[in-house]
Amino acid sequence: MPILHQMHVSGNCYKVRLAARQLDIPIALKDYGLHDGSTRTPEYLAKNANGRVPMLEFEDGRMLAESGAILWYLSEGTPLAPADRWGRAEALKWMFFEQYSHEPNIAVARFILQFVKHPDDPRLPEKTAGSYRALDVMETHLATRTYFVDEQYTIADIALYAYTHVADEANLDLGRYPAIRAWLARVKAQPRHIEMPGVDV
């Protein structure tokens with residue numbers, strides 16, 4: 001059984017747990033602490049030189065890091081991955097958007113407020129502004145769509161759901177985003193849904 005090296009409070013790790021649960025793929029969990037340096041030990045760095053989670057470790061010794069790569073690996077050939085070339089490119093577009101424009105703002109603001117507990121952190125105004133810019137893009141797209149790609153629930157939705165559904169933990173107000181709120185409800189209603197931090201898969 002593959003082992004997911006992860007932290008329960010991480011949205012990037014949650015994405016993998018959610019996809020695995022919805023695809024009925026059994027995985028074991030190995031948890032790491034948020035501030036204990038356990039992903040910086042020589043043992044862990046030998047498996048993932050970047051020293052981060054999530055990482056999926058396979059029984060044959062292969063290691064796959066980065067949440068987007070793991071999502072693609074798990075979902076290939078399933079309804080969670082678009083079947084056509086354009087759909088796959090669209091899913092990748094939104095997953096890149098999540099990692100470059102969305103997660104670095106919402107996740108970092110959440111981290112500062114919930115885990116560092118430093119509301120006066122000088123980075124926070126910039127991260128909050130960036131979060132709203134990303135949410136504005138999502139709202140515009142979802143105003144005329146059910147899901148992000150091909151009107152079908154895919155790993156692009158999973159990637160964006162992870163930190164959007166806990167945006168309140170970053171002191172972000174979703175009240176002005178009706179399309180996002182409706183989309184969040186649709187994602188939550190998907191079969192075999194789990195919340196973050198969620199239960200073990």
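The values are calculated or read from the model by the stated rules, or taken from the named source; none is laboratory data. Only a predicted model underlies this, so the values are computations on that prediction, with no experimental measurement involved. FYI the Cβ positions are ideal-geometry reconstructions off the backbone, even for glycines, and counts take in every protein chain you see. SASA here: full protein model, heavy atoms, side chains in, ligands and nucleic acids out. Shrake-Rupley method; radii C 1.70, N 1.55, O 1.52, S 1.80 Å.
List of remarks:
- Looking only at segment 146-172, and only at residues there that are assigned to a loop (DSSP other than H, G, I, E, B) and over 18 Å from Ser101 (Cα atoms), the one that is nearest to the chain's Cα centre (by Cα): Thr154
- Leu142 vs. criteria closer than 30 Å to Pro79 by Cβ and more than 13 Å from the chain's Cα centre (by Cα): yes
- Qualifying residue in segment 128-135 (condition: of a type outside the set (Val, Ile, Thr), modelled with pLDDT of 95 or more and either touching a strand residue (DSSP E or B) at 6+ places or on another chain (Cβ under 8 Å) or more than 24 Å from Ala185 (Cβ to Cβ) (or both)): yes
- Some residue of segment 100-109 being more than 23 Å from Ile155 (Cβ to Cβ) and in contact with a Lys or Arg (Cβ under 6 Å, 6 or more places away or on another chain): yes
- Any pair with Cβ under 6 angstrom, 6 or more apart, that starts in segment 1-12 at a residue that is over 14 Å from Ile194 (Cα atoms) and open to solvent by less than 10 Å² (accessible area, probe 1.4 Å) and ends at one that is among the charged types (D, E, K, R) and part of a strand (DSSP E or B): His5/Lys30
- Across segment 145-182, the qualifying residues are those that are acidic (Asp, Glu) and farther than 21 Å from Ile194 by Cα, and the one among them that is surrounded by the most Cβ atoms within 10 Å (Cβ to Cβ) is Asp150.
- Number of residues in segment 64-102 that are of a type in the set (D, E, K, R) and either outside any helix (DSSP H, G or I) or in contact with a Leu (Cβ under 9 Å, 6 or more places away or on another chain) (or both) equals 4.
- Within segment 111-144, the set of residues being among the charged types (D, E, K, R) and open to solvent by 20 Å² or more (accessible area, probe 1.4 Å) comprises Lys117, Asp120, Arg123, Glu126, Lys127, Arg133, Asp136, Glu139.
- Number of the condition not met by Ser101 [criteria: (1) over 17 Å from Tyr163 (Cα atoms); (2) surrounded by fewer than 19 Cβ atoms within 10 Å (Cβ to Cβ)]: (1)
- Unmet criterion (only one of (1) open to solvent by 40 Å² or more (accessible area, probe 1.4 Å); (2) without any contact (Cβ under 8 Å) to a residue 40 or more places away in the chain; (3) within 16 Å of the chain's Cα centre (by Cα)) for Ala46: (3)
- Residues (surrounded by 17 or more Cβ atoms within 10 Å (Cβ to Cβ) and within 23 Å of Met1 (Cβ to Cβ)) located in segment 74-92: Leu74, Ser75, Leu80, Ala81
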